[in-house]
Each structure stands twice: as structure tokens, then as C-alpha cells.
1. Suppose the chain between Glu159 and Ala268 were pulled fully straight at 0.36 nm per residue; how much longer would it get relative to their current alpha carbon spacing?
2. Would you grab the residues whose amide H sits under 5 Å from the one on Asp140? Only those 5+ places off in sequence or on another chain, please, with H modelled 1.01 Å from N.
3. When N counts the residues of the range 255-300, how does its alpha-carbon radius of gyration compare numerically with 2.2 N^0.38 Å, as a ratio?
4. Would you kindly find the accessible area of Arg288, with a 1.4 Å probe and non-protein molecules such as ligands, DNA and RNA excluded, rounding to the nearest 10 Å²?
5. Would you kindly find the accessible area of Thr47, with a 1.4 Å probe and non-protein molecules such as ligands, DNA and RNA excluded, rounding to the nearest 10 Å²?
6. Go from 0 up to the bin containing the longest alpha carbon distance in the chain, width 20 Å each, and give me the % of pairs per bin.
7. Top mean-square fluctuation among Ala134, Ala268, Ala161, Gaussian network model of the chain, C-alpha springs under 10 Å?
8. For Glu159, tell me the accessible area in Å² from a 1.4 Å probe, rounded to the nearest 10.
Amino acid sequence: MKKRIFSGIKPSGDLHIGNYLGAIQNWVALQEEYDSIFCVVDMHAITVPQDPATLRKRTLEIAKIYLAAGIDPKKCSIFIQSYVSEHAELAWILNTIAKIPELEKMTQFKDKSVKDGKESVLVGLFDYPVLMAADIILYDTQLVPVGKDQKQHIELARELAQRFNYKFGETFVIPEAYTKKESENIMGLDDPTKKMSKSAKSEYNYIALSDDAETVRKKIKKAVTDSGSEIVYSDDKPALKNLINIYSLLDNKTPKEVETLFVGKGYADFKSALAEVIIQFLEPFQKRMAELSDEKVLKILEDGAKKVQSIAKKKLEEVKKKIGFIV
Ligand code: AMP
Ligand code: TRP
């Protein structure tokens, strides 16, 4: 039996290369070896207010990103979370074993409470990690390939799975996060102490997957660097380290190999080469995305939902029986 992986992304904003490198690039590699399920998590997206037409458009866009990045629907199941109602049902059941302090200590909730005040946090956002736990454990997932910021959520999924098993008997597989050191936390181009983020104030923080060549060149040129002039990969030079990581992950080289390429050269040479490496990835990717019709993608999503639904239904039935529901 192949091991199962599950992951998802919210259709709530433009994706950037941090999302691609931290999550999707790993999915593409892992699909060869694992039984893979990838989800567009629209129910997570609505934990902050969304415009309905935009949500619909972005949901399809995320699916197109998965496909254009190389996720192969013949090898994996790709689907929309809200198509499979078992996610919401299991989340409700998990709510009855999750504790308020466990959710209060989640970074996402704490950040939002500090930023906008606790009064403005919706119950759905508070409960977000429980729905994510349901997504994962519904499918007996073993590995969850994500960026570093999601590890805390996976810890909670593990905790809830263990708690349920303890209370009601062996039911869920205990999942683990899958990350890679070089890609789990791609930092902002304008500030290498903070992660690259779509909610950053300046667009010079990130390279969006939709950026054109000129924008990429402009943004990389403006990216902050460290003192010194040599291209070296080291913890003392966090800005450069981040740029070398991006280069190496997109050009399939080790950071050492990238260093070697630029011996005797300076930041300007390195930055213009990096911009071209990014463009060489983005241009064909964007072309593949543009070629995907909505109809074709919807059909793939429907087929994906059908494939996963039988797994979800079976697991939920087992859960319902164990807790005493008449099924
Ligand atoms: P998001 O849409 O930002 O919630 O993230 C979607 C996926 O991308 C998740 O697996 C995140 O952990 C990952 N991710 C987001 N930002 C970064 C980043 N700066 N570096 C690496 N991975 C990231
Ligand atoms: N919380 C994740 C993010 O913001 C998205 C997500 C929802 C997810 N459910 C998931 C990721 C299940 C992995 C597995 O990126």
C-alpha cells in the first residue's frame, strides 16, 4: 500500500513563489511515490469575508495552478473541499473534543486578534485548525506537505486524532508534517526576517505566480541584500541565503552549486541571473495555466471529488458508529 499525502491551499489571494516552493513543488515530486490528495480549501477561505464572485474565480485559479505546476490528475485526486461535505461533518465532531485554549494558542488566531482586535475574529477563523485537522485525518493521511507556518496546525491534527483514538478506539492515522529545510520558509524580498506573504504591505515583498518578466526583474533588483559583495550561502547573510535558496530550488541545484557559479561575481550578476531563473519558471507555467479551460478544470475537480468521496464517507461512517450515532 502506498502512503497517503494530503494538502491544500486557500483560494483567498494571489499565490507567490513561497507558496509554490514551500508547498506545491514538493507535491509534484511526492505524487510519484504517494497516494496523493490535493484540495482547494474554499471552506477555509471563508473564515475571512470573501466576495462570492471572486471566491469562485480564485477557486478555479488555484486548481489551475496545481495543474500548471505539474500535479497530474491521473496520479492524484484534486478536488474542492466544499464538494465533499464529510469535511464539515468531521470538523463538527472534532469540535466536541477540541479545547478552547488549544485554539487560542494558534498563531493565526493570535496574530489576527492582535492586529484587528479579538472582537473582529469570526468563530470560523477561531475554529479553522479543527477543520484543517478534519481535512487531514479524514483520509488516513500519513504525510502533509506544507510550509513551516502550518506545522502548528498539524500538531493539533495529531493531538485531536490521538485524543479521538484514546476515547473511542483506534480510528485515525496520526499524520506528520513534511517540509524541506531550504523551502519551508521562503522569506520576504524586502525583509529577510519575515516570511514571504501575500498580505505583506509592499508588493516588493514577494514574486507573485502571476508576475510578468519586467515585474520580476524590477522586484529582484530591489530585493535587499546583506553587507559584503561575495555570493556566499550562510546564516550570517539571511537575505542572500534566501535568494540563493530560491535560485537553487527553481534551477534544481544545491546552494553550494549556486555559490560556485558566482565565484568572483557580485550581487548585480547574481540578481540578474536569479531574475532570469524565475522568469524561465514563470513564463511556461503561466502559459500552461492560460491554456486550461474552466470546463476542463471543473471536470477534473468533479472526478477528483468522486474519487475521494468514497474514502471520506467510509471513514465518517466509522467515526459516527464509534461515537454512538445511528448510521
Ligand atoms: P497560504 O495560502 O499562505 O496559507 O499557504 C499555502 C501553502 O504555502 C502552505 O503550505 C504554507 O505553509 C505555504 N507557504 C506560505 N508562505 C510560505 C513561505 N513564505 N515559505 C514557504 N512556504 C510558504
Ligand atoms: N491552512 C492551510 C494554509 O493556510 C490550508 C489547509 C487547509 C491545509 N486544510 C489543509 C493544508 C490540510 C494542508 C492540509 O495553507
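1. Details: separation 109, 0.36 × 109 = 39.24 nm, distance 4.81 nm.
Difference between extended and current length: 34.4 nm.
2. For Asp140, whose amide H was placed from the backbone, the distant partners under 5 Å are Val173.
3. Against the compact-globule rule of thumb, the ratio is 1.82.
4. 110 Å²
5. 20 Å²
6. Once binned at 20 Å, the Cα pair distances of the chain give 30, 56, 13, 0.
7. Ala268
8. 80 Å²
The values are calculated or read from the model by the stated rules, or taken from the named source; none is laboratory data. From a predicted model like this one, the values you see are computed outputs, not experimental measurements. Note: ideal-geometry Cβ built from the backbone for every residue, glycine included; neighbour counts use all protein chains shown. Accessible surface is based on the protein model in full, side chains and every heavy atom, while ligands, DNA and RNA are left aside. Shrake-Rupley method; radii C 1.70, N 1.55, O 1.52, S 1.80 Å.
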